[in-house]
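First the structure, in the form of structure tokens, and then the observations on it.
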Amino acid sequence: MIAAFHQCDVFTDRLFGGNPLAVVPGADGLDSATMQAFAREMNCSESTFVFPARDPRAAFRVRIFTPGRELPFAGHPTIGTAWTLHRLGLLDATEFAFEMEIGLVPVRREGRRFWMRPPVPELGATFAERASLAAGLGIASTEILGAARVAGPFLCIRVASAAVAAEIELDRSALRARLDPDVADGNVLAICYDSGRAAVRMFAAVADGIGEDPATGSAVAPMLHFLAASGALAADCTEVEIEQGRWIGRTSTLFARLSWAGSEISTIEVGGDCVHAFSSEIALPVTDVR
């Protein structure tokens, strides 16, 4: 099978910024092992594979692979796949849903910018012992604000400034010595937030084989729920702009829109721009086992 694929940069309006994504629009006939091998070959933080939807409420079915494993949902693949399908003339609707392993993910288009509604994250364990967290991040304990907390698949840690975020050198062995291995080896999100603007660094789970991620759309909802629960995010804040990737040379900008029910976040949309990088093709084995 000669499969066409398209690479775009997501959460940026400039080529070579944002987070690269490889999209295979016609993935019928590819099995999981082949898709995983393709993702490893591309070496983007994620690659997506587009199939006809099984659910009649969805425009397409989308599967997402990092170089190391399949993910049930991710943000920049959702935005980048929608943008690429629209660019190719395969998706003209302004409101639709993708069928993903996590379920239906609503997406809409506003001009050339796409917005998605991520799933609501669960808030988990709290970690108030700052010295342990600081040792894992390679910063002073005084630079960590409040307690860290698991939100969805992320360990969220608020740091004092973007300058502090720039100094982080993640030490997984130090985290393993102090935290549950699932947490220590999972996604670590360092957040600097003030008055509707955030600068973040996301160190992806060891199993993903990525390292630091340039832009993480799936981290936005967990981050905002974490900030709201800790009192850092005011209940009258309806827009947040997030910078990510600058520290690894791929500056990204993510946008969030929020609505509230009292002091609780009721809905979040995550949006961003994309740029086409290149298109190519690859010969892949067909097994038709999905």
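The values are calculated or read from the model by the stated rules, or taken from the named source; none is laboratory data. Everything quoted here is computed from the prediction, not taken from an experiment. Glycine also receives a Cβ, built like all others from the backbone with ideal geometry; neighbour counts cover every protein chain displayed.
What's the total number of residues in segment 235-250 that are in a strand (DSSP E or B) and among the hydrophobic types (A, V, I, L, M, F, W, C)? Qualifying residue count, segment 235-250: 2. Annotation note: of 139, 79, 102, 144, the sole residue that is β-branched (Val, Ile, Thr) and touching a Leu at 6+ places or on another chain (Cβ under 7 Å) is 144. Annotation note: Cβ proximity below 7 Å between a residue of segment 273-290 that is on the phi > 0 side of the Ramachandran plot and a residue that is surrounded by 14 or more Cβ atoms within 10 Å (Cβ to Cβ) and modelled with pLDDT under 95 (sequence gap 6+ or interchain) occurs for 288/29. For segment 19-56, the set of residues classified as over 24 Å from residue 245 (Cα atoms) and among the acidic types (Asp, Glu) consists of 28, 31, 55, listed by residue number. Listed by first and then second residue, the pairs with beta-carbon distance under 6 Å, at least 6 apart or on different chains, first residue in segment 139-168 and assigned by TED's automatic domain parsing to the domain that holds residue 198 and more than 24 Å from residue 251 (Cβ to Cβ), second surrounded by fewer than 20 Cβ atoms within 10 Å (Cβ to Cβ) and among the β-branched types (Val, Ile, Thr), are 147/126; 149/126. Looking only at segment 238-269, residues that are within 17 Å of residue 213 (Cα to Cα) and β-branched (Val, Ile, Thr) come to 4 in all.
Each row is one residue, and each column tells you yes or no for (1) buried (at least 17 other Cβ atoms within 10 Å of the Cβ); (2) among the hydroxyl-bearing types (Ser, Thr, Tyr); (3) assigned to a loop (DSSP other than H, G, I, E, B).
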| position | (1), (2), (3) |
| --- | --- |
| 166 | no, no, no |
| 174 | yes, no, no |
| 182 | no, no, no |
| 190 | yes, no, no |
| 202 | yes, no, no |
| 210 | yes, no, yes |
| 215 | yes, no, yes |
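Within the option set 191, 242, 248, 265, being touching a Lys or Arg at 6+ places or on another chain (Cβ under 6 Å), without any contact (Cβ under 8 Å) to a residue 60 or more places away in the chain and among the β-branched types (Val, Ile, Thr) holds for one residue only, 191. Considering only residues in segment 39-59 that are within 20 Å of residue 8 (Cα to Cα) and surrounded by fewer than 21 Cβ atoms within 10 Å (Cβ to Cβ), the one that is nearest to the chain's Cα centre (by Cα) turns out to be 43.
Screening 122, 95 for residues that are without any contact (Cβ under 8 Å) to a residue 40 or more places away in the chain, closer than 24 Å to residue 178 by Cα and of a type in the set (Asp, Glu) leaves exactly one candidate, 122. Condition (residue is assigned by TED's automatic domain parsing to the domain that holds residue 77, out of contact with any strand residue (DSSP E or B) (no Cβ under 7 Å at 6 or more places or on another chain), of a type in the set (D, E, K, R) and within 15 Å of residue 64 (Cβ to Cβ)) applied to segment 18-41: is it met by at least one residue? The answer is yes; a qualifying residue exists.
Of the residues 68, 75, 80, 17, the single one that is within 15 Å of residue 215 (Cβ to Cβ), in contact with a helix residue (DSSP H, G or I) (Cβ under 6 Å, 6 or more places away or on another chain) and modelled with pLDDT of 95 or more is 75.
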